[in-house]
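Novice: The following block contains the structure, expressed as structure tokens.
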Amino acid sequence: MEIKTFSTGSKEGNCFWVNDGHTQLLLDCGISIKKIQKALDFRLREIQGCLVSHRHLDHCKGLRGLLDKEVDVYM
């Protein structure tokens, strides 16, 4: 299992990438879609979904962008 921190903290936003070798997920999307895409080296299509822990902005700021890019989001 591989985990990368893209961003953490209530001011910066929270976003983590998790990969078990078969499935890649985002845990929270508290940064902009542009920052998420950059952190993923613009390979957003490899993400199978995003798990949002709760609706505070520092955990879901990029939600609309992910939905616009047709990423499955689970809350």
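The values are calculated or read from the model by the stated rules, or taken from the named source; none is laboratory data. The structure displayed is predicted, hence computed values, not measured ones. Virtual Cβ from ideal backbone geometry, glycine too; neighbours counted across all protein chains shown. Note: areas computed on protein heavy atoms with side chains; ligands, DNA, RNA excluded. Shrake-Rupley method; radii C 1.70, N 1.55, O 1.52, S 1.80 Å.
Novice: Which members of the stretch 50-64 meet the condition of being within 15 Å of Lys34 (Cβ to Cβ) and either open to solvent by less than 20 Å² (accessible area, probe 1.4 Å) or in contact (Cβ under 8 Å) with a residue 40 or more places away in the chain (or both)?
Specialist: Lys61, Gly62
Novice: For the subset of the stretch 17-46 comprising residues that are within 16 Å of Met75 (Cβ to Cβ) and without any contact (Cβ under 8 Å) to a residue 40 or more places away in the chain, which member is most open to solvent (accessible area, probe 1.4 Å)?
Specialist: Of all residues in the stretch 17-46, those within 16 Å of Met75 (Cβ to Cβ) come to 25-30.
Pick out the ones that are also without any contact (Cβ under 8 Å) to a residue 40 or more places away in the chain and you get 25, 27-28, 30.
Working: Leu25: 50, Leu27: 71, Asp28: 8, Gly30: 4 Å².
Going through the qualifying residues, I end up with Leu27.
Novice: On the given criteria, is Leu67 open to solvent by 30 Å² or more (accessible area, probe 1.4 Å), of a type outside the set (Phe, Trp, Tyr), assigned to a helix (DSSP H, G or I) and at negative phi?
Specialist: Yes: the conditions hold for Leu67.
Novice: If the requirement is being part of a helix (DSSP H, G or I) and not aliphatic (A, V, I, L, M), which of these qualifies: Lys4, Lys38?
Specialist: Going through Lys4, Lys38 in turn, the sole match is Lys38.
Novice: Here is a further query. Of all residues in the stretch 7-26, which are in contact with a Ser or Thr (Cβ under 7 Å, 6 or more places away or on another chain) and outside any loop (DSSP other than H, G, I, E, B)?
Specialist: Selection gives Cys15, Phe16.
Novice: Looking at Gly62, Gly21, can you tell me which residue is under 12 Å from the mean Cα position of the chain (by Cα) and of a type in the set (Gly, Ala, Ser)?
Specialist: Gly62
Novice: For Asn14, work out the one condition from (1) in contact with a Phe, Trp or Tyr (Cβ under 8 Å, 6 or more places away or on another chain); (2) of a type in the set (S, T, N, Q); (3) open to solvent by less than 40 Å² (accessible area, probe 1.4 Å) it doesn't fulfil.
Specialist: All conditions are met except number (1).
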